[in-house]
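See structure below.
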Amino acid sequence: MSTHTPDIKRLFEPRAVAVIGASLDPNKIGYKIVQNIVTNGYVGKVFPINPKGGEILGLRVYPSVHDIPDEIDVALVVVPAKAVFQTVQECAAHGVKFVPIISSGFSEVGNLEEERKIVAYAREHGMRVLGPNIFGLYSVTPSLNASFGPRDIPKGNVAIVTQSGALGVAMIGKAAAESMGLSAIISVGNKADIDEADLLEYLVPHRETRVILMYIEGVKNGARLVQVLKRASKEKPVIVIKAGRSRRGAIAAASHTGSLAGATEVFDAIMRQCGVLRASSIQEAFNWCKFLAISVLPQGAETVIITNGGGIGVIATDACETYSVELYDDLQILEKIFAPLTPEFGSTKNPIDLTGQATAEHYNRALEAARHSETIHAVLALYCETALFDVASFEPMIEGNFHAFQEAGKPVVFSALGGEKVEQLTEMLRRRGVPIFADVTEAVACLGALYTHYRYRSQPEELSQTLEIDTKAIERVLEAARREHRAFLLAHEAQQLLRIAHIPVPKSAIARTLDEAVRSADEIGYPVVLKVVSRDILHKSDVGGVALDLGNPQEVADAYGAILHNCRAYKPNAVIDGIEVSQQVASGMQIIIGARRDPSFGPILMVGLGGIYVEVMKDVSFRALPIGRQDAIDMLKELKSYPLLLGVRGEEKRDIDMVIDVLLRVGSLLLASEQISDIEINPLIVYEHGRGSVAVDARVLLA
Ligand code: COA
């Protein structure tokens, strides 16, 4: 077994490439790939392979990999599925580093076994597999077009990683139509071995790549992807288009966390956490790619809108809110800068309204002033067609200002709405790389994407805080459940687990006799709550297994008898381990906190407004674990109900620090034991600031 893993750089920058299944038949994929490699001017050596030998496009054809006199970095496999394994064995014997397998007929049609066999063999022999079921790859650095997609791929700075081959091929065409140059496009297909995270290892430091676009249908090793994406987004913008309806987790029905953590919600939240920009359509993704590949980064948040129409200014203002673009609002400074350039009936409040009589010259002056101002960091320049429009003056005005802003290191985006002439102008400028849109919302969305990336880059790197937890003590609690072949902890065991993690729980004790119950109640202090402890009775209150608000020994004694009676009546042979006596906690705000192992992303954490409304409100937020303190704060701030924690209408602020602490502790608890699959506290009662919180009920499921 070879432990050596080849450097991913050799996949993108191979020194020699073989095409196994190269064909003389121009209608076959094995021909097209050789043709694309040759006509694109690949700088390395090319070795077509076909048992028949001969010549293709002037290249000598070798009967097998063994006959090639050179070392091969990449061997593209274009033979029918049933011949792939043998081909891979031959490649391994020849020391090939990467085998992109174009062939279909594997896990995508249920043939998982063959796919696994191929990958296992390849990995054992120090070789890595791309695909299978892919269209190939294009890489600008060695000028390699090893795909059966279009021949002419525009060179540029956007790298695309796609799970869908057909969509990838279409995106090459679309990129050309949009004049968007590519630095790489690579299809991952079934992702049997190499996945997005592997490819990012190359693309993140790759100099020619300024933006990375990924089309993802499903995530396999999400925990690693999260680590790589967090780093990647610090370097360059990463845009994701995600398709595929929300597939709920394997134990979705078993907990609120499970059912609330639909795949879409979790994916969204985790992409945000990683600074990834999630585009909702291909057009939007392309707009962002093009813009982010050329735009400079802003130096601050203050954006100014310059317009000749009130309406379009209002639409842009709304869109700025949606896409988190901050509008500069120092009215005095705005007036000082723009009053000399704006008619009296215009406006110097942001949006700056130059009014319907504005010509290219008015725009020129306003844009120049914005460019020179140190307090303005970005500009949205909007234009509605009027009778004063003429292409001859607007074209150089827009293009000239774009370049001047680029040189000044200040982002600018244009929008022009109008008839045929305006559309032609927009189209022409777009082809020349100027960020201009007919739809003002698209223009704002581009700036929003830039700012989202800028904010993520600017925020300090957060260290995750995983707290030390006594794993031996956890083991002891889990042991009892394992002995009884339970996949869940009983309430008092779950509580025990929380105590180990120093999460506050109500004072409690298990009583096995009436005397013990009364003694415990005296010790804990009244009022108390009594609850049956039984693995056979899950919904305790439904069967009369719970009594609340017991204020004295007599009430405890009465409740003790009633609970036993009710439970016996419900299930005569239920095993009753005892009656739990616990402190009745005062009411407060109810929060739900959950942690679980997501099938795609591994350990995740959830917080939401708790109590009985959690399923209805769905006001929850997620993060992939581990998290830091700032992540915990951000999770709370993402909740729509966050203002309730701050206190509304004269209410006192809640103990937010304590909630943050519990969040970090619950996350650490899940990470402390692989055996725990799900932890849910519902509710965590949160009191006023300084008064703490208490986990009233906890549910723990085991793997
Ligand atoms: N070594 C070298 N060459 C071999 C070989 C081997 N072990 N086995 C077969 N070949 C040759 C064949 O002789 C043929 O060459 P020829 O034209 O000179 O006879 C060539 O390889 C191709 O084999 P063929 O049997 O003609 O298959 P094909 O070209 O019709 O199809 C695939 C091969 C891989 C393209 C096809 O099986 C497939 O999977 N198609 C789907 C591809 C796809 O859509 N991928 C996903 C894109 S997103």
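The values are calculated or read from the model by the stated rules, or taken from the named source; none is laboratory data. Remember, it's a predicted structure, so these values are computed and weren't measured experimentally. Glycine also receives a Cβ, built like all others from the backbone with ideal geometry; neighbour counts cover every protein chain displayed. Each accessible area value is taken on the protein alone, full model and side chains, heavy atoms only, with ligands, DNA and RNA left out. Shrake-Rupley method; radii C 1.70, N 1.55, O 1.52, S 1.80 Å.
Worth a mention:
- Elements of type strands (runs of 3 or more DSSP E) in segment 118-163, at least 3 residues being on the phi < 0 side of the Ramachandran plot and away from the ligand (no atom under 12 Å from the Cβ): 144-147, 155-162
- Selection from segment 529-545 of residues that are surrounded by 15 or more Cβ atoms within 10 Å (Cβ to Cβ) and in a helix (DSSP H, G or I): Val543
Conditions (1) among the aromatic types (Phe, Trp, Tyr); (2) part of a helix (DSSP H, G or I); (3) open to solvent by less than 10 Å² (accessible area, probe 1.4 Å); (4) in contact (Cβ under 8 Å) with a residue 40 or more places away in the chain, marked per residue:
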{"site": "Leu367", "(1), (2), (3), (4)": "no, yes, yes, yes"}
{"site": "Ile376", "(1), (2), (3), (4)": "no, no, yes, yes"}
{"site": "Leu380", "(1), (2), (3), (4)": "no, no, yes, yes"}
{"site": "Pro396", "(1), (2), (3), (4)": "no, yes, no, no"}
{"site": "Lys410", "(1), (2), (3), (4)": "no, no, no, yes"}
{"site": "Ala416", "(1), (2), (3), (4)": "no, no, yes, no"}
{"site": "Met428", "(1), (2), (3), (4)": "no, yes, no, no"}
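- One residue stands out among those in segment 581-614 that are under 23 Å from the mean Cα position of the chain (by Cα) and not in a strand (DSSP E or B): the one that is surrounded by the most Cβ atoms within 10 Å (Cβ to Cβ), which is Phe601.
- No other residue among Tyr526, Tyr560 is buried (at least 17 other Cβ atoms within 10 Å of the Cβ) and free of Cβ contacts under 8 Å to residues at least 60 places away in the same chain apart from Tyr560.
- Of all residues in segment 4-24 being part of a loop (DSSP other than H, G, I, E, B) and open to solvent by 60 Å² or more (accessible area, probe 1.4 Å), the one that is farthest from Asn145 (Cα to Cα): His4
- Within segment 55-84, the residues that satisfy the criterion of being in contact with a helix residue (DSSP H, G or I) (Cβ under 6 Å, 6 or more places away or on another chain) and farther than 30 Å from Val109 by Cα are Ile56, Leu57.
- Qualifying residue in segment 206-226 (condition: more than 16 Å from the ligand (Cβ to nearest atom), farther than 29 Å from Phe106 by Cα and within 20 Å of the chain's Cα centre (by Cα)): yes
- Qualifying positions in segment 350-366 - of a type outside the set (Val, Ile, Thr) and either more than 22 Å from Phe405 (Cβ to Cβ) or not assigned by TED's automatic domain parsing to the domain that holds Asn401 (or both): Gly356, Gln357
- Search result, residues across segment 36-53 that are open to solvent by less than 50 Å² (accessible area, probe 1.4 Å), in a loop (DSSP other than H, G, I, E, B) and either of a type in the set (Val, Ile, Thr) or within 14 Å of the ligand (Cβ to nearest atom) (or both): Asn50, Gly53
- Some residue of segment 179-187 being more than 18 Å from Asn40 (Cβ to Cβ), polar (S, T, N, Q), away from the ligand (no atom under 16 Å from the Cβ) and open to solvent by 40 Å² or more (accessible area, probe 1.4 Å): yes
- Segment 150-165 residues that are more than 14 Å from Ile282 (Cα to Cα), paired with ones that are of a type in the set (Lys, Arg) and more than 16 Å from the ligand (Cβ to nearest atom) (beta carbon under 6 Å, 6 or more apart): Asn157/Arg210
- Within segment 67-93, considering residues that are open to solvent by 40 Å² or more (accessible area, probe 1.4 Å) and closer than 16 Å to Lys45 by Cα, the one farthest from the ligand (Cβ to nearest atom): Glu71
- Members of segment 618-670 found to be of a type in the set (Ser, Thr, Tyr), open to solvent by 10 Å² or more (accessible area, probe 1.4 Å) and either closer than 24 Å to Arg699 by Cα or part of a loop (DSSP other than H, G, I, E, B) (or both), listed by number: Ser641
- Residue count for segment 303-323, restricted to those that are assigned to a loop (DSSP other than H, G, I, E, B) and either under 27 Å from the mean Cα position of the chain (by Cα) or not assigned by TED's automatic domain parsing to the domain that holds Thr355 (or both): 1
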